Amino acid sequence: MVAYRRLVAKVEEREWSVHGQRREATSRDPVRLPAARQAVLLRCLGRCENPKCGGQPLDVTDEGQPILEVDHVQRITERGRDHPSQMIALCPNCHAMKERGRNRKILQAALANTAKRQHALWVKSSTTSHATSCES
């Protein structure tokens with residue numbers, strides 16, 4: 001509790017001196033392909049693609065879509081591709097475990113395999129219709 005009060009005191013000391021200010025920033029984010037994200041959302045059928053997902057939120061967005069985050073299993077900045085074969089739809093909890101969880105390396109490897117497998121399945125069956133999608 002002492003540590004918490006100390007942090008709150010620091011916030012309260014500076015809060016009004018920075019209120020409303022903005023930082024100047026230059027971004028060098030990779031260019032992303034919207035079609036890649038849309039393909040993953042179609043492929044996931046509205047569900048988290050982590051095979052061991054412990055439970056996706058039942059809530060939906062204002063547009064009625066499932067709460068899913070499309071993520072690269074290998075970061076673009078680390079030679080990953082902006083391609084559905086290397087992207088996966090995750091619920092917020094699974095996304096946090098992939099990025100910050102203690103077992104994230106194991107999960108990242110499993111998700112990479114899942115993304116490749118799901119991509120191959122959908123490419124192979126592209127002549128058949130998939131009735132349900134998570135985004136039109």
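The values are calculated or read from the model by the stated rules, or taken from the named source; none is laboratory data. Here the structure is a predicted model, which means the values were calculated and not measured. Here Cβ is always computed from backbone atoms with ideal geometry, including for glycine, and neighbour counts include all displayed protein chains. All accessible areas refer to the heavy atoms of the entire protein, side chains included, with ligands and DNA or RNA removed. Shrake-Rupley method; radii C 1.70, N 1.55, O 1.52, S 1.80 Å.
Overview of values
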{"quantity": "Per-bin percent of Cα-Cα distances, region 8-116 [5 Å]", "calculated": "2, 11, 18, 18, 14, 11, 9, 9, 6, 2, 0"}
{"quantity": "GNM top mover of 33, 68, 111 - the chain, alpha-carbon springs below 10 Å", "calculated": "33"}
{"quantity": "Per DSSP, loop trypsin sites (Lys or Arg not before Pro) in region 1-36 with at most 13 further Cβ within 10 Å", "calculated": "22, 23, 28, 32"}
{"quantity": "Within region 1-42, GluC sites (Glu not before Pro) in DSSP loop having at most 14 other beta-carbon neighbours inside 10 Å", "calculated": "24"}
{"quantity": "Using alpha-carbon coordinates, inclination of helix 34-43 to the longest axis of the chain, degrees", "calculated": "70 degrees"}
{"quantity": "Selected from 11, 60, 40 as most flexible by GNM, with the chain as the system and alpha-carbon contacts under 10 Å", "calculated": "11"}
{"quantity": "Interchain or long-range residues, amide H under 5 Å from residue 70's placed H", "calculated": "90"}
{"quantity": "Gain on full stretching of the segment that runs from residue 74 to residue 18 - 0.36 nm per residue minus C-alpha separation", "calculated": "16.5 nm"}
{"quantity": "Whole-Hz couplings from phi, Karplus 6.51/-1.76/1.60, listed for region 74-85; x for Gly and Pro", "calculated": "10, 4, 4, 5, 10, 6, x, 10, 8, 9, x, 5"}
{"quantity": "Cα-centred dipole magnitude for region 22-94, charges only on beta-carbon of K, R (+1) and D, E (-1), debye, nearest 20", "calculated": "300 debye"}
{"quantity": "Fluctuation leader among 30, 57, 92 - the chain, Gaussian network, Cα springs under 10 angstrom", "calculated": "30"}
{"quantity": "Relative contact order (%) - the chain, alpha-carbon pairs under 8 angstrom, separation at least six", "calculated": "28 percent"}
{"quantity": "Accessible area of the chain divided out per residue, in Å², using a probe of 1.4 angstrom", "calculated": "77 Å²"}
